[in-house]
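A short worksheet on the structure shown next.
The values are calculated or read from the model by the stated rules, or taken from the named source; none is laboratory data. None of the values given here were measured: they were computed from a predicted structure. Every residue, glycine among them, receives a Cβ derived from its backbone with ideal geometry; neighbour counts consider all protein chains shown.
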Amino acid sequence: MEQNKNYPWSGCGTDKEIVGCRFSLAVMSDDYASKILDALATVDTSHVWSETDLLSTTYRGHQTNVINTVKELFVAINDGETHMTLEATLSKGCPGDVEEDIPMELAPAKATSTTKEFPVHGKFSFYPLGQADYMDHIAHIVNLAIDKGIYDRPSHYATQLYGDVNELFDYFHEIMTYSGEHLDHFVYQITLSVNSPSLKQR
């Protein structure tokens, strides 16, 4: 029986080098809303397409611009004391993508402006889509973390990371660069945590 090809995203797709990141911030303080909104407002988003809805915020554009803008936001909102987490999904090559809402130039133009350093705990899960040899690509990504010295330990359904905020975001750039060169479509999910009270109980 012929499969139904009338997908909701039929007719979409783009040849542009568009990277997307949808993320949610959780700030464990009574004034969490103002902290999140203030950070979103102060970070320069002129080099990405940006939209915030009831559930999360999306940045779209060139890899460099998207990852550097997320990094600037994460650094801006961290006060060094308040427990905070970032949950993000990054994707490239989605057949349902569109280019109509990318009004800016896609050339990399935004360098991260932060020089702050602080430790970050994190985890990631990497999904090469439509690849028979997907485990080889996952192994390569994990080995990159080991080589950079930010691999913490394995865990169920994720790999745990620990390192300076700059090291982790450099690693996310490396994941995106490798994947863009070897895969047509991929997704990876990251969780970052700072100032967790759980660390005092260890």
query = When only residues in the stretch 181-202 that are modelled with pLDDT under 95 and touching a helix residue (DSSP H, G or I) at 6+ places or on another chain (Cβ under 7 Å) count, which is surrounded by the most Cβ atoms within 10 Å (Cβ to Cβ)?
reply = F186
query = Applying the selection to the stretch 55-85, what residues are among the hydrophobic types (A, V, I, L, M, F, W, C) and either under 14 Å from F169 (Cβ atoms) or touching a Cys at 6+ places or on another chain (Cβ under 6 Å) (or both)?
reply = V66, I67, V70, L73, F74, V75, A76
ask   = Could we say that S46 is modelled with pLDDT under 90 and either within 20 Å of D170 (Cβ to Cβ) or aromatic (F, W, Y) (or both) here?
value = no
query = Checking F169 against (1) modelled with pLDDT under 95; (2) part of a helix (DSSP H, G or I), which single condition isn't satisfied?
reply = (1)
message = So for the stretch 90-103 (the condition being part of a loop (DSSP other than H, G, I, E, B), in contact with a strand residue (DSSP E or B) (Cβ under 6 Å, 6 or more places away or on another chain) and at pLDDT below 85), does at least one residue qualify?
response = yes
query = If you go through the stretch 124-144 one residue at a time, how many are crowded, with 18+ Cβ neighbours inside 10 Å and closer than 14 Å to I190 by Cα?
reply = 3
inquiry  = For the list (1) closer than 30 Å to D184 by Cβ; (2) of a type outside the set (D, E, K, R); (3) modelled with pLDDT of 90 or more, I need the number of the one condition that G11 fails.
reply    = (3)
key: Answer residue from the stretch 132-165, given it is in a loop (DSSP other than H, G, I, E, B) and not charged (D, E, K, R) and is farthest from T69 (Cα to Cα) among those   = A132
message = I'm checking my understanding of the structure. Among residues of the stretch 170-180 that are in contact with a Gly (Cβ under 9 Å, 6 or more places away or on another chain) and either among the basic types (K, R) or crowded, with 17+ Cβ neighbours inside 10 Å (or both), which one is farthest from F74 (Cα to Cα)?
response = S179
